[in-house]
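Everything on this sheet refers to the single structure shown next.
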Amino acid sequence: MTENQYPPALINSSTTLEEGIRTVLNLRIEQLAVLLDKKNWIDGVSAKLVHKTRVACRRLIVAARLFKRVSSKRLFNKVQSRAEGVLENLGTLRNWDSYANALENHRGISNPAQKTFFLDGIAWANRQRFEKIAMKFFKAKADKLTSFLLKAKLKIHQFKNNTTSPSFLEWSRLGIMTNYDDINAEMETLEDSEHAMHSFRLKLKFLRYGMEIMGDAIQPEKAAKFLKFLKNGQSYLGMINDLHFQIKTTSKIKFALEVHKKDFEFFQGESEFLFLEDCRQRLESTMSLYKAWKLDWKSNNPME
């Protein structure tokens, strides 16, 4: 059983809306609370821990956004805002992890002898800077956040369903299909701008995580196929988002060096910035994959 699955005894066709919400929120809160434990952050913030914590935050945010539709919004708004705070504090750190990985891959794939050591130094320095900011945040807030989440978990047990929804899975199915229809409609007018694609990626995440936390609301065979399709689109958009960051960052560094060239006589020249050209080429090829994925969605309607 993976961290996204629930024991059949907890989520099944007879699970009421109240029971389902308690089960999902309890699991999501427990998973994030474990990651926020201070012992995880004592020796630094690894890229793996950053990723796992951000994913746990996303899943909790999705659950809170979904469930506040059928309950008092106050508690779920607070849960959502706390998780978003953690997410934001790790966002830039995650971007620099991605930048460092891209530099390493560039050297290994194109030419191991290519110099990117100056850019490596920039990535390392910024990574260290934002790691210190994250550590400061967690040293001050981790205990309070964990305490809040565990108190919220207790309050969830007092939740009462005021709707007439007969079961958790039926309510979930309706929510999933509503979100799917919204995304399907947006496909017709979706622009390929950086902002539009970033916003669309978050909507795909919302639908994907929503499907994962809702268990078997959608027929398992159909859900598995569609989740794979969603993950592919999200992956393309994630790479595009990372490449935009890498191109902007490297372009700024190059511009600064050109402006202050006399102050950087030790710098050996353009070989460092073959990485910039590599990023632009990869952005072009990834955009092609993303556009093909969109056409596949429009022509095949993946949920049918």
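The values are calculated or read from the model by the stated rules, or taken from the named source; none is laboratory data. Note that the structure is predicted; figures quoted are calculated from it, not measured. For neighbour counting, all protein chains shown are included, and Cβ atoms are generated from backbone atoms with ideal geometry for every residue, glycine included.
Residue pairs whose Cβ atoms lie under 9 Å apart, separated by 6 or more positions or on different chains, with the first residue in the range 116-131 and in the same structural domain as Glu88 (by TED's automatic domain parsing) and in contact (Cβ under 8 Å) with a residue 60 or more places away in the chain and the second outside any helix (DSSP H, G or I) and among the small types (Gly, Ala, Ser), are Glu131/Gly44.
Quick grid of which residues meet (1) assigned to a helix (DSSP H, G or I); (2) in contact with a Ser or Thr (Cβ under 6 Å, 6 or more places away or on another chain); (3) free of Cβ contacts under 8 Å to residues at least 24 places away in the same chain:
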| site | (1), (2), (3) |
| --- | --- |
| Leu32 | yes, no, no |
| Asp43 | no, no, yes |
| Val50 | yes, no, no |
| Val55 | yes, no, yes |
| Arg69 | yes, no, no |
